[in-house]
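Here is the structure we will look at, set down as structure tokens.
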Amino acid sequence: MFDVLIVGGGAAGFYAAIHIAEANPNLKIAILERGKEVLSKVKVSGGGRCNVTHAEFDPNELVKNYPRGEKELLGPFHTYCSGDTVSFFEERGIDLKIEDDGRMFPFSNSSQTIIDCFLNEVERLGIQVLKHSSVVGITSIQNEDESSWKVTSIKKTYQCRKLLIATGSNPKIWKMLENLGHSIETPVPSLFTFNIKDDRIKGIPGLSTYASVEVLAKKMYQPKITIQLKTKVSDKVLLLSEGPVLITHWGLSGPAILKLSAWGARILNEMNYKFQLRINWLPDYHPYAVISLLQEIKEVEGKKTVLRTKAVDIPRRLWTNLVRATGISEDTKWADTNKEQLQSLANQLTKCEFSVDGKSTFKEEFVTAGGVNLKEINFKTFESKLQPNLFFAGEVINVDAITGGFNFQNAWTGAFIAAKGITKL
Ligand SMILES: Cc1cc2nc3c(=O)[nH]c(=O)nc-3n(C[C@H](O)[C@H](O)[C@H](O)COP(=O)(O)OP(=O)(O)OC[C@H]3O[C@@H](n4cnc5c(N)ncnc54)[C@H](O)[C@@H]3O)c2cc1C
């Protein structure tokens, strides 16, 4: 019999266990972890450096990074925000540094620093960590005055007064929660890169530039003569983002693309990751302004070749690929270009369309959109509204964020507030 059982030895599970034990050292607490190692995602997070949180300390701004959970996390972030996370680690001798884009990492640049901190803390606080303990059953026990829980692992059956589910995105646990009456938003991947095969981005992997990117709506229609589905693209913009775009061996990545993958996680899944993308490589310019700009260059640089005289502020190798895509030959001089060629170049620069066919994993961070329906959770305590003494924290609920340390912040905040909810009684 335990006072508190935590299912899941990941970020949220450990953070909650530590706060529960600190709030009430008399409680008997255990973490049940299915794996032979705990904190395995923390280990690989942030490319092995662990992007612990983000240097956004205003809850009203912080919530804007959560495609799912924006509304629900506002209250919790007012209780426990990124500044509190920074203090938690500082109090334990771990200073975090802020990178130019706001991401925060331990100074050691090693996720092991965070893991060691958690392992030391659970030992100091006498929390039991039971590995190889995959939970296969959860049953509510109704006593006269209070309900408690029976938790069955592949090894043993336990009982506890309070149960915290911190299992990340695990379909089996979601199924068990459905059996307890909860509804689960269908899980789909988030934070991925776009697969594109196209000569305009061929041979220039590693190149990064600032751009605005749109996902276009498409109308599916069935042509009468063939059975193959064809796609007709309309100009309606479904999703829009702006930021650095990184060209990779497989297609496009970088913050602007990852943001689209997060905000569009569900829509892009419905489109089976086949859609049309439109990029403005010169987001500060309207397409009409670019035409005038190119005409000016034609006047001033008439004797020079288009290919070798970059007219706008984009990386040279991208310029070369875009000029080639217009069909302007290697030795065409600016003075010899006609109206159609300049229009075509302006289109490549500001309305550059690509066909996306599939997605790839972004190795630094990925996450699942979906999980326990947020309407069924009391965000003052992270307790189930349907089952007393059942709490949630982390990715198990239908909250996820764009890349940058926000996903861990959801885990820390949920774990802290659930810990307060658990120790209150
Ligand atoms: C490669 C990668 C890199 C990432 N990098 C970052 C980053 O730098 N910054 C950031 O903010 N986010 C990052 N994320 C996202 C972040 O790791 C997650 O949002 C976060 O780990 C969620 O924490 P959690 O505790 O809810 O779930 P998890 O960390 O997934 O922990 C859940 C735990 O529960 C255990 N479990 C599951 N089912 C059972 C069961 N039936 N019985 C017992 N135990 C069970 C699992 O084995 C696991 O240990 C990254 C994700 C990945 C995959």
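The values are calculated or read from the model by the stated rules, or taken from the named source; none is laboratory data. Here the structure is a predicted model, which means the values were calculated and not measured. So basically every Cβ, Gly included, is an ideal-geometry build from the backbone, and we count neighbours across all protein chains shown. Protein only, heavy atoms only, side chains kept; ligands, DNA and RNA dropped before computing areas. Shrake-Rupley method; radii C 1.70, N 1.55, O 1.52, S 1.80 Å.
Counting only residues that are open to solvent by less than 10 Å² (accessible area, probe 1.4 Å) and in contact (Cβ under 8 Å) with a residue 40 or more places away in the chain, which one in region 306-327 is farthest from Lys202 (Cα to Cα)?
Result: Ile314.
When region 1-49 is examined, which residues are found to be more than 8 Å from the ligand (Cβ to nearest atom), hydrophobic (A, V, I, L, M, F, W, C) and open to solvent by 10 Å² or more (accessible area, probe 1.4 Å)?
Listed by number, the residues that qualify are Met1, Phe2, Ala23, Leu27.
Residue pairs, Cβ under 7 Å, 6 or more apart or interchain, first in region 106-121 and of a type in the set (D, E, K, R), second open to solvent by less than 20 Å² (accessible area, probe 1.4 Å) and in a helix (DSSP H, G or I). List them.
Glu121/Ile18
Within region 50-89, track down each residue that is part of a helix (DSSP H, G or I) and open to solvent by 50 Å² or more (accessible area, probe 1.4 Å). If you could, list the steps in order and put the result at the bottom.
Here is the first cut: in region 50-89, the ones part of a helix (DSSP H, G or I) are 59-65, 74-79, 82-89.
Asn60, Glu61, Lys64, Leu74, His78, Thr79, Asp84 - these are the residues of region 50-89 that are part of a helix (DSSP H, G or I) and open to solvent by 50 Å² or more (accessible area, probe 1.4 Å).
Among the numbered criteria (1) modelled with pLDDT of 95 or more; (2) closer than 30 Å to Arg278 by Cα; (3) hydrophobic (A, V, I, L, M, F, W, C), which one does Phe366 miss?
So the condition that Phe366 fails would be (1).
Here are some residues: Glu365, Glu330. Which one is in contact (Cβ under 8 Å) with a residue 24 or more places away in the chain, part of a loop (DSSP other than H, G, I, E, B) and closer than 30 Å to His54 by Cα? Talk me through it step by step, then tell me what you get.
Details: Glu330 fails: closer than 30 Å to His54 by Cα.
Every option except Glu365 fails the conditions.
Does region 140-152 contain at least one residue that is touching a Lys or Arg at 6+ places or on another chain (Cβ under 6 Å) and either surrounded by 18 or more Cβ atoms within 10 Å (Cβ to Cβ) or assigned to a strand (DSSP E or B) (or both)? Reasoning before the result, please.
Let us first name the residues in region 140-152 that are touching a Lys or Arg at 6+ places or on another chain (Cβ under 6 Å), namely 141, 148.
Filter once more, so that each one left must be either surrounded by 18 or more Cβ atoms within 10 Å (Cβ to Cβ) or assigned to a strand (DSSP E or B) (or both): 141, 148.
Yes, region 140-152 contains at least one residue that is touching a Lys or Arg at 6+ places or on another chain (Cβ under 6 Å) and either surrounded by 18 or more Cβ atoms within 10 Å (Cβ to Cβ) or assigned to a strand (DSSP E or B) (or both).
On the given criteria, is Glu61 acidic (Asp, Glu), within 28 Å of the chain's Cα centre (by Cα) and within 16 Å of the ligand (Cβ to nearest atom)? Walk me through it before giving the result.
Numbers: acidic (Asp, Glu): yes; within 28 Å of the chain's Cα centre (by Cα): yes; within 16 Å of the ligand (Cβ to nearest atom): no.
Taking the combined requirement at face value, the residue does not satisfy it.
For region 385-401, enumerate the residues that are buried (at least 23 other Cβ atoms within 10 Å of the Cβ) and not in a strand (DSSP E or B).
To start, the set of residues in region 385-401 that are buried (at least 23 other Cβ atoms within 10 Å of the Cβ) comprises 391-401.
Selection gives Ala393, Gly394, Glu395, Val396, Asn398, Val399, Ala401.
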